[in-house]
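Take a look at the structure below.
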Amino acid sequence: MHFQQLAAMIPVFETVESSTASRPIDCGPDSHRIIIVLRGHVTLSAQGQEPVVVTQGFACHPAHSPFDLQVPKTKEAEYAVITYRVFPESSAWTLHGPLRTHSEVKIKYMLDELIRTAEEICTDSEDEEAVQLFRKRLILERILFIFLYETHMRQEEPSSDLAIKESLSYINEHYMLKLTLPMLAQRAGMSDGHYTVLFKKHTGTTMTHYLRRLRIQKAQQMFLQTRLPAKEIAQRVGFADYFHFSRIFKQEVGCSPTAFQRNRSEI
């Protein structure tokens, strides 16, 4: 889809809802959907098409409906679904497929605003109702603009090297979150295998070991700079299980978190 379409047509907001469960997505004959992943990742499949791992956004076109959205059974995920129509109704609106962005915080902020606005109770005033409708349309257009512009930018990036550098930057900033290989590969616009090869070429190690080592380094910093309990530090650097954290810490550092903390207090 090109910006000429967005410039010539008007997206009209209908509904927005958030969920953490697997569900079918049926667009209907004239409705379009945008799926925005807020936490984790989901898998989206349609008849006759390969399943797609969605880590940021996905535009669902009614021509490919219905879709099956699956949340991983062993992982937590949260997503929002925006339903909208396009005016004029006969417009050739072609937006469909994965959406990518560098501005996830902005997208989530605007989504929160859209949800809040959608939940407001309309008054008896026709003017006030028109104001609310216009406001929701502006928010929707802004979300569409960011996704379209930044997806286009990502498609034009000159090399995979830049994508890996951006992925490393993302890991370094979000190491405390649940990061998986499929999620990061999809975010970089690559297959899992291609991402794995390039990641090791750039770092000399696998994504899993890089993330594990980074988390332990951050934990060491917290031990030296704070007096937080070891279990809380484990959670803050991305380990949900303290015993797993303790085992990995000992492998990387050579002593247990307790021993490291004790030695630090003796300095």
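Overview of results
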| item | result |
| --- | --- |
| Residue that is nearest to the chain's Cα centre (by Cα), among those in the range 223-247 that are aliphatic (A, V, I, L, M) and surrounded by fewer than 17 Cβ atoms within 10 Å (Cβ to Cβ) | A240 |
| Which listed residue, of A46, A59, is within 15 Å of L140 (Cα to Cα) and touching a helix residue (DSSP H, G or I) at 6+ places or on another chain (Cβ under 9 Å) | A59 |
| Qualifying residues in the range 98-141 (those that are under 27 Å from A46 (Cβ atoms) and of a type in the set (D, E, K, R)) - the one nearest to the chain's Cα centre (by Cα) | E104 |
| Matching option when the condition is of a type outside the set (D, E, K, R) and modelled with pLDDT under 90, among T101, T203 | T101 |
| Members of the range 10-63 that are in contact with a Phe, Trp or Tyr (Cβ under 6 Å, 6 or more places away or on another chain) and within 24 Å of P88 (Cα to Cα) | I10, P11, V12, F13, E14, I25, H32, I35, C60 |
| Residues within the range 216-230 that are within 11 Å of R264 (Cβ to Cβ) and not in a helix (DSSP H, G or I), tallied | 2 |
| In the range 176-196, residue surrounded by the fewest Cβ atoms within 10 Å (Cβ to Cβ) [restricted to those that are part of a helix (DSSP H, G or I) and of a type in the set (D, E, K, R)] | D192 |
| Wholly within the range 56-104, strands (runs of 3 or more DSSP E) carrying at least 3 residues that are surrounded by fewer than 21 Cβ atoms within 10 Å (Cβ to Cβ) and outside the structural domain of H174 (by TED's automatic domain parsing) | 78-87 |
| Matching entry among Y149, Y109 (being modelled with pLDDT under 90, part of a helix (DSSP H, G or I), assigned by TED's automatic domain parsing to the domain that holds I25 and among the aromatic types (F, W, Y)) | Y149 |
| Residue ranges of strands (runs of 3 or more DSSP E) in the range 1-52 with at least 3 members polar (S, T, N, Q) | 10-19 |
| Enumeration of residues in the range 197-222 that are surrounded by 13 or more Cβ atoms within 10 Å (Cβ to Cβ), of a type in the set (D, E, K, R) and free of Cβ contacts under 8 Å to residues at least 40 places away in the same chain | K200, R213 |
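Let's see how each residue does on (1) more than 25 Å from V105 (Cα to Cα); (2) in contact with a Gly (Cβ under 7 Å, 6 or more places away or on another chain); (3) at pLDDT 90 or above; (4) assigned by TED's automatic domain parsing to the domain that holds V53:
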{"position": "Y175", "(1), (2), (3), (4)": "no, yes, yes, no"}
{"position": "L179", "(1), (2), (3), (4)": "no, no, yes, no"}
{"position": "R187", "(1), (2), (3), (4)": "no, no, no, no"}
{"position": "T196", "(1), (2), (3), (4)": "yes, no, no, no"}
{"position": "K218", "(1), (2), (3), (4)": "no, no, yes, no"}
{"position": "M222", "(1), (2), (3), (4)": "yes, no, yes, no"}
{"position": "L228", "(1), (2), (3), (4)": "yes, no, yes, no"}
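The values are calculated or read from the model by the stated rules, or taken from the named source; none is laboratory data. Being a predicted model, the structure only gives us computed values, none of them experimental. Glycine also receives a Cβ, built like all others from the backbone with ideal geometry; neighbour counts cover every protein chain displayed.
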